[in-house]
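Written out below as structure tokens is the structure these notes cover.
The values are calculated or read from the model by the stated rules, or taken from the named source; none is laboratory data. Not measured: the values here are computed from a predicted model. No Cβ is skipped: glycine too gets one built from the backbone with ideal geometry, and neighbour counts run over all protein chains shown. Accessible surface is based on the protein model in full, side chains and every heavy atom, while ligands, DNA and RNA are left aside. Shrake-Rupley method; radii C 1.70, N 1.55, O 1.52, S 1.80 Å.
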Amino acid sequence: MSARRLLSRPELKAHYDRVGAWQDTQAFYEAPALDALISAGAFYGAASVIEVGCGTGRLAERLLRTHCPPHARYEGYDLSETMVQVARSRLASFEDRATVRQTDGRLTFDRPDGGHDRVVATYLLDLLSREEAQTFLGEAHRLLRPGGRLCLAGLTRGRSLLSRGVSRLWDALHRLRPEWVGGCRPLRRWALLDDARWSVRTHTVVRAWGVPSEVLVALPV
């Protein structure tokens, strides 16, 4: 079998610059997973949140409006100029607490060691190579303070008959033309975590409309 082709950073930027304004249409299968992530992430105790791949700012708005403490600060990063513009507009009412920055796709950030309560990435690792995912996880470990939480959600392999069929079809489409599925493919995040560096607190699979999403929350050790 030939090696899987992943979309390059310029390809990802071009794709999400083109479709980013409509990205929230995927909420029909993402929302239940985000609900589970918010519940497991205990954001009521998070004064400092970093989200990598913040998209349209939909999750950030929910966190700041309802789940984080009033003094919490949020930093979002995204490769897509369109996504950044949409997120900034959506979070404008939190401008004294929320910052959204466009990146060049790098997964390291000029932020202090151990300075953040939560590092969040939803439907991001689906896009990355294993090496890139490990870079992100290493950076998340550096950014989190003791007792902080890594909060992940994204496409995964199905467990039920229907969700297995959906994830296999999704995987096949990605192998054929990754741009057809926005560069995302089913992934097992749990298998990427080093037991010596992470203590998993929540690991579950949420299904919506047959689409399986993995929700994972871990603490640095």
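Descriptive notes on the structure:
- Taking every Cα-Cα distance in the range 123-193 and sorting them into 10 Å bins from zero, the calculated P(r) comes out as 19, 44, 26, 10, 0 percent.
- Taking N as the residue count of the range 83-177, its C-alpha radius of gyration divided by 2.2 N^0.38 Å amounts to 1.34.
- With K and R counted +1 and D and E -1, the other residues having a Cβ less than 14 Å from that of Pro70 yield a net charge of +2.
- For the range 1-93: relative contact order, % (alpha-carbon pairs under 8 angstrom, 6 or more apart): 35
- Charged neighbours of Trp198, selected by a Cβ distance under 11 Å, balance to +2 (K, R count +1; D, E count -1).
- Fluctuation leader among Val120, Val49, Val86 - the chain, Gaussian network, Cα springs under 10 angstrom: Val86
- For the chain, the antiparallel share of DSSP beta bridges with both residues in that region comes to about 45%.
- Total formal charge among the other residues, if their Cβ is under 9 angstrom from that of Gly148, Lys/Arg +1 and Asp/Glu -1: +2
- Of all accessible heavy-atom area on the range 105-221, the percent that carbon and sulfur account for (1.4 Å): 52
- Most to least accessible of Trp22, Trp209 (protein chains only, probe 1.4 Å): Trp209, Trp22
- Spin-label proximity, Asp113 to the range 194-208 - amide N less than 20 Å from point 7 Å beyond Cα toward beta carbon: 194, 196-199
- Backbone phi angles across the range 99-113, fed through the Karplus curve with coefficients 6.51, -1.76 and 1.60 (θ = phi - 60°), yield HN-Hα couplings of 10, 10, 10, 8, 10, 9, x, 5, 10, 10, 9, 7, 10, x, 4 Hz in residue order; Gly and Pro are listed as x.
- Under Karplus coefficients 6.51, -1.76 and 1.60, residue-wise ³J(HN,Hα) of the range 57-68 in Hz, glycine/proline x: x, 4, 5, 4, 4, 4, 5, 6, 6, 10, 10, 8
- Here the 3J(HN,Hα) profile of the range 138-151, calculated from phi with Karplus coefficients 6.51, -1.76 and 1.60 at θ = phi - 60°, is x, 5, 4, 4, 5, 6, 6, 7, x, x, x, 10, 8, 10 Hz, Gly and Pro shown as x.
- For the chain, the relative contact order comes to 23 percent (Cα pairs under 8 Å, sequence separation of at least 6).
- Its Cα gyration tensor gives the range 41-83 an equivalent ellipsoid; the semi-axes, largest first and in whole Å, are 20, 10, 8.
- Computed across the range 1-148, the Kirkwood hydrodynamic radius from all distinct Cα-Cα pairs reaches 15.8 Å.
- The range 75-159: GluC sites (Glu not before Pro) falling in loop per DSSP and having at most 14 other Cβ within 10 Å: Glu95
- Dipole of the chain computed with +1 at Lys/Arg Cβ and -1 at Asp/Glu Cβ about the Cα centre; of Thr103, Ala191, Val19, farthest Cα towards the positive end is Ala191.
- Here each label is just a point 7 Å from Cα along the line to Cβ, and for Thr204 and Arg106 those points are 3.8 nm apart.
- Over the residues of the chain, the helix contribution to mean residue ellipticity at 222 nm works out to -10000 deg cm²/dmol, using -39500 (n - 2.57) for each DSSP H run of at least 4.
- Length-normalised contact order of the range 66-163 in % [C-alpha pairs under 8 Å, at least 6 apart]: 26
- Angle between the chain longest axis and helix 81-90 axis [Cα atoms, degrees, rounded to 10]: 50
- The range 83-124: Rg to Rh, with Rh as the Kirkwood radius over Cα pairs: 0.97
- Solvent exposure of the range 68-155, expressed per residue, is 43 Å² of accessible area, with all protein chains present and a 1.4 angstrom probe.
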